[in-house]
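Asks: To start, I am sharing the structure in question, which I have written as structure tokens.
The values are calculated or read from the model by the stated rules, or taken from the named source; none is laboratory data. Note that the structure is a prediction, hence the values are computed from the model and not measured. Here the Cβ is made from the backbone with ideal geometry for all residues, glycine too, and neighbour counts use every protein chain on show.
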Amino acid sequence: MFVLGTDIGSTTSKCVIIDETGEIKGKGLAPGGAGSDGPYKALDMALAEARIAQKSLSRTISTGYGRNLVDKKDGTLSELVCHALGAHALFPDTRTVIDIGGQDAKILRVGEKGRLESFVMNDKCAAGTGRFLENISRALNVRIEDMTAFAELAENKIDISSTCAVFAESEIVSQLAHGANKNDVFSAVFRSVASRAASLANRIGVMRDTVMTGGVAKNEGVRKALEEELNVRIYVSPLAQYAGALGAAVYALEPLTNDRGKIQ
Amino acid sequence: MSENKQARTVLREIVDSVYRRAWEAKERGEPVGWSSSKFPAEIAETLGLAVCYPENQAAAIAAKHGGQRMCEYAESMGFSNDICAYARISLAYADGAPCEEKPVPQPDFLLCCNNICNCMTKWYENIARMRGIPLIMVDIPFNNTVDVPDERVAYVRAQFEAAITKLETISGKKWDNKRFDEVCANANRSAAAWLKACAYCAVKPSPLSGFDLFNHMANIVTARCKPETAAAFEQLAAEYEQSVKSGESTWHYDENYRIMFEGIPCWPVLGSLFKPLKDSGANTTAVVYAPAFGFVYNGIDEMARAYCKAPNSVCIEAGVAWREDLCRENGVDGILVHYNRSCKPWSGYMFEMERRWRERLGVPVVGFDGDQADPRNFSEAQYQTRVEGLVELMAAANAANSAQ
Ligand code: SF4
């Protein structure tokens, strides 16, 4: 038996297919959220990896901002519960999830079995989210994945605003215009994102194990800056970006199985 | 009051009549005032002066989708878009911005009490300057203690007396203590009936949606000194009593959850605000306006003491206690906090309040960003996700409770 979880975000679409034991059988990630062909591409990739046809899927649960815009199949769930379940599936001792996505940053307090206990989310501003990193990458013409390598060579600690994405961007441009070193600037960018997430996290308190999910989790620079800010080790799975879709799949599986993961 | 009209209709007509009387006074050449919502209304009422309420007017304009246009007008006058949207709307109106949504007569004098907030002071000072009219200010210092000390009462009372003298000069009318006593009796009767009506939120299921109280607030703000308001609130309470018996409610959806809605509603997007609440059956059964405007006093000193307390003028201990009592009495399962971009004083201390509620009430608390009157500060998708998260947390807590 196979179930599907889809996470249609603001910038990317993710799909995860699991079997009745909860094992991941297929996954797909494509750029473009709701309204684009991203969700279909991601689904095709997941089906191909699982080597199954769409009709073999027993249940589908959707999450993410675009969840109500796609074919709702068997239900939708907010990404809050999904990220909690997904993080728990990846790291069973998860108690705090830091999820930084394209336009949202959220901190989840997670209980036994991945149950969501409490959460806080960012305000409207894009500061501290993936969108901010994308803007900086575009403005400075450096790929996000290359920023970490630059930041590691930073020598001086400079500070940039963490309260407004637009201000921060112009601050960076003017820092560079005044001769600031690019490496120092990238390190400051990561600290800016991290300090924003850290102040959010401190509002509900950080408990161990702390796990990072969402697209920004891939970014070593942000993760390290966050570890420093919060003084905890932060676990990141190579599947961090799929956490929401995985959680949706886990949720899709729940009514179909008993406690031992067997089909009812 | 007509026997067969529902209380909510009567209440709406009373507010309409406040504005109608203001227009009539203007036509007769009498001075018309603009007043902040918690200026001691008893004073102008005793002198028989017509008064309009810019906060109430701004809410009405925003609900009819004129908020953004008026805010942008004020911004083009040079006011920052960080300023409260009620203030921006009102400043634009005072400057003559075209406004079909809720026309009111332009002011001849201003009554400002900063127990509401300090933005109010600058807002009214600007209008006074723009229109060259007198501003009567009652300054209420922030209450950093739960009780109001006697010297502060004396300070506020002295300002009431100064306001009376100034208004006598402006209007040429004479103060009458007997009339003042009558007006205070009306205000007290309105407040008691308001509290009685609000208390029906504690019944499960509730015979009303807490959002009704936001609408009826217009009466407690603009017409609390009028006997017809007191009578209409008494009728409202009687109707709720009847609804409890017949099992009816103004909330026409399931009541799976009961929440406190903290803050002013986003008037331009009420439909979006309601949608996920309706869909999940989350009824609002607590709003802070009940204790904030339901104050009963005896004599002018107690009146001064009562006006010292408004949502943004009390210390965090008092603010938390107001809400915690409400949440306990009205049995809420969760709290939805509006981080209102307009209202910095109110939103600013919500972070700490949230923390205390989580700890002491043990219910989930979720915040969203929005604005009471400027629709540019609200994102429907973000709001929806946060409400869904709140509902999921309440559902999990209820499931855990029923499993025990
Ligand atoms: S909404 Fe807030 S800032 Fe605006 S007038 Fe009211 S109390 Fe003041």
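Asks: Can you tell which of B:Val296, B:Val314 is aliphatic (A, V, I, L, M) and away from the ligand (no atom under 16 Å from the Cβ)?
Replies: After applying the criteria, what remains is B:Val296.
Asks: Of all residues in the stretch B:371-383, which are touching a strand residue (DSSP E or B) at 6+ places or on another chain (Cβ under 9 Å) and either closer than 16 Å to A:His83 by Cβ or at the interface with chain A (Cβ under 9 Å from one of its Cβ atoms) (or both)?
Replies: B:Asn377, B:Phe378, B:Ser379, B:Gln382
Conditions (1) touching a Ser or Thr at 6+ places or on another chain (Cβ under 9 Å); (2) of a type in the set (Val, Ile, Thr); (3) closer than 24 Å to B:Ala62 by Cβ; (4) in contact (Cβ under 8 Å) with a residue 60 or more places away in the chain, marked per residue:
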site	(1), (2), (3), (4)
B:Ile259	yes, yes, yes, yes
B:Lys278	no, no, yes, no
B:Gly299	no, no, no, no
B:Asn312	no, no, yes, yes
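Asks: For B:Ser342, only one of the following conditions fails: (1) within 16 Å of the ligand (Cβ to nearest atom); (2) free of Cβ contacts under 8 Å to residues at least 60 places away in the same chain; (3) within 25 Å of A:Asp123 (Cα to Cα). What is its number?
Replies: Here B:Ser342 meets the rest and fails (2).
Asks: Continuing with this model, one more query. Let me confirm something: among A:Gly22, A:Gly26, A:Gly35, which residue is surrounded by fewer than 16 Cβ atoms within 10 Å (Cβ to Cβ), more than 18 Å from the chain's Cα centre (by Cα), of a type in the set (Gly, Ala, Ser) and closer than 12 Å to A:Leu246 by Cβ? Can you show your working first?
Replies: Working: A:Gly26 fails: surrounded by fewer than 16 Cβ atoms within 10 Å (Cβ to Cβ); A:Gly35 fails: closer than 12 Å to A:Leu246 by Cβ.
It is A:Gly22.
Asks: If you don't mind, another one. I'd like the full set of residues that are closer than 12 Å to B:Phe293 by Cβ and not polar (S, T, N, Q), limited to the stretch B:194-219. Full working, then the answer.
Replies: At the first step, the residues of the stretch B:194-219 found to be closer than 12 Å to B:Phe293 by Cβ are B:194-195, B:197-198, B:213-214, B:216-219.
Within the stretch B:194-219, B:Trp194, B:Leu195, B:Ala197, B:Cys198, B:Leu213, B:Phe214, B:His216, B:Met217, B:Ala218 meet the criteria.
Asks: Here's something else I'd like to know. Across the stretch B:44-55, which residue is nearest to the other protein chains (Cβ to nearest Cβ) among those that are in a helix (DSSP H, G or I) and more than 11 Å from the ligand (Cβ to nearest atom)?
Replies: Here the answer is B:Ala44.
Here is a yes/no grid of residues against (1) within 14 Å of chain A (Cβ to nearest Cβ); (2) hydroxyl-bearing (Ser, Thr, Tyr); (3) in contact with a strand residue (DSSP E or B) (Cβ under 8 Å, 6 or more places away or on another chain); (4) within 12 Å of the ligand (Cβ to nearest atom):
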{"site": "B:Trp34", "(1), (2), (3), (4)": "no, no, yes, no"}
{"site": "B:Lys38", "(1), (2), (3), (4)": "no, no, yes, yes"}
{"site": "B:Glu42", "(1), (2), (3), (4)": "no, no, no, no"}
{"site": "B:His65", "(1), (2), (3), (4)": "no, no, no, no"}
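Asks: Going by the structure shown, is B:Val288 surrounded by fewer than 20 Cβ atoms within 10 Å (Cβ to Cβ) and either within 16 Å of the ligand (Cβ to nearest atom) or within 14 Å of chain A (Cβ to nearest Cβ) (or both)? Lay out the reasoning, then the answer.
Replies: Details: surrounded by fewer than 20 Cβ atoms within 10 Å (Cβ to Cβ): yes; either within 16 Å of the ligand (Cβ to nearest atom) or within 14 Å of chain A (Cβ to nearest Cβ) (or both): yes.
Yes: the conditions hold for B:Val288.
Asks: Same structure again: Report every pair of residues separated by at least 6 positions or lying on different chains whose Cβ atoms are under 7 Å apart, first residue within the stretch B:75-92 and under 14 Å from B:Arg376 (Cα atoms) and within 10 Å of the ligand (Cβ to nearest atom), second in a helix (DSSP H, G or I) and polar (S, T, N, Q).
Replies: Sorted first by the residue in the stretch B:75-92, then by its partner, the list stays empty.
Asks: Can you tell me which residue among B:Arg69, B:Arg131 is over 26 Å from B:Glu42 (Cα atoms), surrounded by fewer than 20 Cβ atoms within 10 Å (Cβ to Cβ) and out of contact with any Phe, Trp or Tyr (no Cβ under 9 Å at 6 or more places or on another chain)?
Replies: Values: B:Arg131 fails: over 26 Å from B:Glu42 (Cα atoms).
Residue meeting the stated conditions: B:Arg69.
Asks: Right, here's the next one. Looking only at the stretch A:126-173, which residues are touching a residue at least 12 places away in the same chain (Cβ under 8 Å), out of contact with any Lys or Arg (no Cβ under 6 Å at 6 or more places or on another chain) and small (Gly, Ala, Ser)?
Replies: Within the stretch A:126-173, A:Ala126, A:Gly130, A:Ala139, A:Ala151, A:Ala154, A:Ser161, A:Ala165, A:Ala168 qualify.
Here is a yes/no grid of residues against (1) surrounded by fewer than 24 Cβ atoms within 10 Å (Cβ to Cβ); (2) in contact with a Leu (Cβ under 7 Å, 6 or more places away or on another chain); (3) more than 11 Å from A:Ala248 (Cα to Cα):
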| site | (1), (2), (3) |
| --- | --- |
| A:Ala48 | yes, no, yes |
| A:Gln54 | yes, yes, yes |
| A:Asp93 | yes, no, yes |
| A:Ala105 | no, yes, yes |
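Asks: If you don't mind, there's one more thing I want to ask. Out of (1) crowded, with 17+ Cβ neighbours inside 10 Å; (2) modelled with pLDDT of 95 or more; (3) more than 16 Å from the ligand (Cβ to nearest atom), what's the single condition that is false for B:Val337?
Replies: Here B:Val337 meets the rest and fails (3).
Asks: Can you find even one residue in the stretch B:233-246 that is within 16 Å of the ligand (Cβ to nearest atom) and either closer than 20 Å to B:Tyr383 by Cβ or surrounded by fewer than 20 Cβ atoms within 10 Å (Cβ to Cβ) (or both)?
Replies: For the stretch B:233-246, residues within 16 Å of the ligand (Cβ to nearest atom) and either closer than 20 Å to B:Tyr383 by Cβ or surrounded by fewer than 20 Cβ atoms within 10 Å (Cβ to Cβ) (or both): absent.
Asks: Would you pick out the residues in the stretch B:83-113 that are buried (at least 24 other Cβ atoms within 10 Å of the Cβ) and part of a loop (DSSP other than H, G, I, E, B)?
Replies: If the condition is that a residue be buried (at least 24 other Cβ atoms within 10 Å of the Cβ) and part of a loop (DSSP other than H, G, I, E, B), then B:Cys84, B:Pro107 are the ones that fit.
Asks: Return a yes/no flag: does the stretch A:107-119 have any residue that is surrounded by 24 or more Cβ atoms within 10 Å (Cβ to Cβ), aliphatic (A, V, I, L, M) and either within 15 Å of the chain's Cα centre (by Cα) or in the same structural domain as A:Leu57 (by TED's automatic domain parsing) (or both).
Replies: yes
Asks: Pairs only if they're at least six apart or on different chains, beta carbon under 8 angstrom, first in the stretch B:206-223 and without any contact (Cβ under 8 Å) to a residue 60 or more places away in the chain, second hydroxyl-bearing (Ser, Thr, Tyr) and outside any helix (DSSP H, G or I); list them, first residue then second.
Replies: Pairs found: B:Pro207/B:Ser249; B:Pro207/B:Thr250; B:Leu208/B:Ser249; B:Leu208/B:Thr250.
Asks: Across the stretch B:347-398, which residue is modelled with the lowest pLDDT among those that are of a type in the set (A, V, I, L, M) and closer than 25 Å to B:Arg88 by Cβ?
Replies: Filtering the stretch B:347-398 for residues that are of a type in the set (A, V, I, L, M) and closer than 25 Å to B:Arg88 by Cβ, the one modelled with the lowest pLDDT comes out as B:Met350.
Asks: Within the bounds of the stretch B:250-267, is there any residue that is of a type outside the set (Phe, Trp, Tyr), more than 16 Å from the chain's Cα centre (by Cα) and part of a helix (DSSP H, G or I)? Outline the logic, then answer.
Replies: Residues of the stretch B:250-267 of a type outside the set (Phe, Trp, Tyr): B:250, B:252, B:254-256, B:258-260, B:262-266.
Still in the running and more than 16 Å from the chain's Cα centre (by Cα): B:250, B:252, B:254-256, B:258-259.
Next, from what is left, pick out any that are part of a helix (DSSP H, G or I): none.
Checked against the condition, which is being of a type outside the set (Phe, Trp, Tyr), more than 16 Å from the chain's Cα centre (by Cα) and part of a helix (DSSP H, G or I), the stretch B:250-267 yields no hits at all.
Asks: Pick from A:Val236, A:Val216: which is over 23 Å from A:Gln175 (Cβ atoms) and among the aliphatic types (A, V, I, L, M)?
Replies: Unique residue meeting the criteria: A:Val236.
Asks: Output yes when any residue across the stretch B:117-134 is in a loop (DSSP other than H, G, I, E, B) and of a type in the set (Gly, Ala, Ser), and no when none is.
Replies: Looking for residues that are in a loop (DSSP other than H, G, I, E, B) and of a type in the set (Gly, Ala, Ser), one finds at least one in the stretch B:117-134, hence yes.
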